[in-house]
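Let me begin by presenting the structure, written as structure tokens, before commenting on it.
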Amino acid sequence: MLGLLSSGSVGVRAYGRSLGLSRVVGMNRRWVQTDAPVVPEPVTWNRFFVLRKQRRLWERLAALPCALLGLGVGGAIFASLPVHPQQTFMGMDPLLLFGGSTLFCGVLGFVIGPSVGRVFYRLGSPQRALALDLKEAEFFRHVKANRSDPMFSSASNPLPDFYGEKINSLAAYRKWLRKQREHERKGTFKLGKKK
């Protein structure tokens with residue numbers, strides 16, 4: 001589609017199939033579009049929850065090294081700046097300001113860490129990540145269709161887990177469904193009582 005293969009190419013090695021691309025291996029290396037992109041194999045619900053847990057683990061594990069990296073970089077930058085004890089910066093002692101800035105760099109690294117972990121998870125297994133994304137979209141459609149109306153919320157009847165973030169198994173999903181129906185039942189009972 002993007003061009004003809006040159007006569008010097010030896011063969012085609014599948015690489016990046018989720019994007020519908022293949023790389024020509026041989027003397028001339030370039031990307032060419034294949035006709036049909038590979039569709040990831042369907043994921044069962046139990047496998048989906050296992051993959052989701054693995055992705056969250058990658059995200060959590062990446063937070064600590066990113067925090068340490070941010071702390072180290074911030075410490076190196078602020079330790080190399082000249083400090084004049086007689087001068088203040090915005091009315092603050094420079095050492096206090098540099099120490100707070102170094103800690104801020106560490107917190108920023110900790111906040112960015114889960115995104116870095118997600119990128120590494122996607123790079124480690126792109127087919128699995130694509131299948132997980134497709135199943136997660138379907139999961140959130142189920143959550144959106146089955147969650148209780150927030151209109152029924154009150155101080156005595158709080159809305160349980162609106163986005164389904166605590167669901168980590170099929171049993172937890174069934175429990176979440178029961179809580180949503182109970183929340184809706186309590187809300188409609190109170191609305192009917194007030195009329």
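The values are calculated or read from the model by the stated rules, or taken from the named source; none is laboratory data. All values derive from a computational prediction rather than experimental measurement. Counting neighbours? That spans all protein chains shown, and the Cβs are built from the backbone with ideal geometry, glycine included.
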- Note down all Cβ pairs under 7 Å where the first residue falls in the range 51-68 and is under 22 Å from Ile167 (Cβ atoms), the second is among the polar types (S, T, N, Q), and they're at least six residues apart or on different chains. Lys53/Asn168
- Item | Residue check for Gly109: over 29 Å from Phe162 (Cβ atoms) and touching a residue at least 24 places away in the same chain (Cβ under 8 Å) | yes
- Task: Take the residues in the range 69-88 that are touching a helix residue (DSSP H, G or I) at 6+ places or on another chain (Cβ under 7 Å), of a type outside the set (Gly, Ala, Ser) and assigned to a helix (DSSP H, G or I), then tell me which one is modelled with the lowest pLDDT.
- Result: Phe78
- Of the criteria (1) of a type in the set (A, V, I, L, M); (2) touching an Asp or Glu at 6+ places or on another chain (Cβ under 7 Å); (3) at pLDDT 95 or above, which one Ala131 fails: (3)
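May I ask you to say which residue of Val111, Val143 is out of contact with any Pro (no Cβ under 9 Å at 6 or more places or on another chain) and closer than 19 Å to Ala63 by Cα?
Values: Val143 fails: closer than 19 Å to Ala63 by Cα.
Result of the check over Val111, Val143: Val111.
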- Note on the structure: Screening Phe89, Phe104, Phe98, Phe78 for residues that are in contact with a Ser or Thr (Cβ under 8 Å, 6 or more places away or on another chain) and over 27 Å from Glu136 (Cβ atoms) leaves only Phe78
- Residue that is nearest to Val43 (Cα to Cα), among those in the range 140-185 that are of a type in the set (Gly, Ala, Ser) and more than 24 Å from the chain's Cα centre (by Cα): Ser148
- For the range 141-161, does any single residue satisfy the condition of being modelled with pLDDT of 90 or more, within 24 Å of Arg178 (Cβ to Cβ) and among the aromatic types (Phe, Trp, Tyr)? no
